[in-house]
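One structure is given here, and the rest of the page talks about it.
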Amino acid sequence: RYGTLLAADDVSLEVKPGEVVGLIGPNGAGKTTTLRMLATLLAPTEGQAWVGGYDVVSGSLQVRAALGYLTGDTGLYGRLTPREVLVYFGTLHGMSPGAVEARTEVLDRALGLSAFIDQRCDTLSTGQKQRASIARALVHDPDVLILDEPTSGLDLLAAREILEFFRQAAEAGKAVLISTHIMAEVALICDRAAVIHHGTIRAEGTLAALQERSGAQDLSQGFLRLLGEEIGGDEAREVTP
């Protein structure tokens, strides 16, 4: 709750190792609030949640160690280069210099950082900053990834490459929860999805099951039907691939 506003109401879902689950809904649906509770940035007013087996309130430090969290408003230090950012955050996670260097090489290849990894962050483009932010979230090779609009600021090709990287992370045994309102992204990498609106999970299941339940011809129209009400204006455009 934010005062009298009930932003997340009995939200319940599970993400298992080896799968990507999409949390989908229009702006203001409760996606970011839910993810911030899982990331220990907000304490739940009621209820419990666990990440990597740890309670997000009583085991918040353990959750942060097990978690790679990406959000649109997590900035980079402008005077540092992406390489220096990875060293800094890797050190905070207790990694040795050698481990940070090896992990930086892995992320460099996977995310295409080499062209700007030694440039100051305040000189980078929006897409480059997003890639650097993703690398920062993954520097400690966490078992759980929670990603809030991870393709924000990326062009279509770069977005696809990043999404495929997250798909590969799941195939390597990571548990991946991704928040988005772009149905094409959900269709590309998600095994299951949970539809959230007004802070409540309206439906959950495999993409095929959700589309069958809605009776729609495509995932976007099915999403709108599962919300149980007509969405107009900007929100309707945002959920269209």
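The values are calculated or read from the model by the stated rules, or taken from the named source; none is laboratory data. Keep in mind it's a predicted model, so treat the numbers as computed, not measured. Methodologically, a virtual Cβ is constructed for each residue, glycine included, from the backbone with ideal geometry; neighbour enumeration extends over all protein chains shown. Accessible surface areas use protein heavy atoms only, side chains included; no ligands, DNA or RNA. Shrake-Rupley method; radii C 1.70, N 1.55, O 1.52, S 1.80 Å.
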Check: region 1-153 dipole with +1 on Lys, Arg Cβ and -1 on Asp, Glu Cβ, in debye
380 debye
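Is region 130-228 best put as rounded, prolate or oblate by its Cα gyration tensor, with a ≥ b ≥ c the root eigenvalues, rounded for a/c under 1.5, and otherwise prolate when a/b is larger than b/c, oblate when not?
Working: a/c = 2.04, a/b = 1.81, b/c = 1.13.
Note, shape of region 130-228 comes out prolate.
Rounded, prolate or oblate: which one fits region 88-183, using the alpha carbon gyration tensor with axes a ≥ b ≥ c (rounded when a/c is under 1.5, else prolate when a/b beats b/c, else oblate)? Spell out each step's value before the answer.
Numbers: a/c = 1.82, a/b = 1.15, b/c = 1.58.
It comes out oblate by the Cα gyration axes.
Whenever you get a sec, line up Ile162, Ile182 from highest to lowest accessible area (probe 1.4 Å, protein heavy atoms). Working shown, then result.
Values: Ile162 0, Ile182 55 Å².
In descending accessible area the options line up as Ile182, Ile162.
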What's the extension gain from Ser58 to Ala216 if we count 0.36 nm per residue and subtract their Cα-Cα distance?
52.6 nm
Most mobile of Thr71, Thr45, Thr34 per a Gaussian network model of the chain (Cα springs, under 10 Å)?
Thr45
Please report the orientation-averaged projected area of the chain, defined via the convex hull of its C-alpha atoms, in nm².
13.3 nm²
To the nearest 10 square angstrom, what accessible area does His93 show with a 1.4 Å probe?
80 Å²
Cut-off 10 angstrom, C-alpha nodes, Gaussian network model of the chain. Which of Arg36, Arg83, Arg213 fluctuates the most?
Arg213
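Determine by what factor the alpha-carbon radius of gyration of region 1-142 differs from 2.2 N^0.38 Å, reporting the quotient.
Details: Rg = 16.7 Å, N = 142, 2.2 N^0.38 = 14.5 Å.
After normalising by residue count via 2.2 N^0.38 Å, the value is 1.16.
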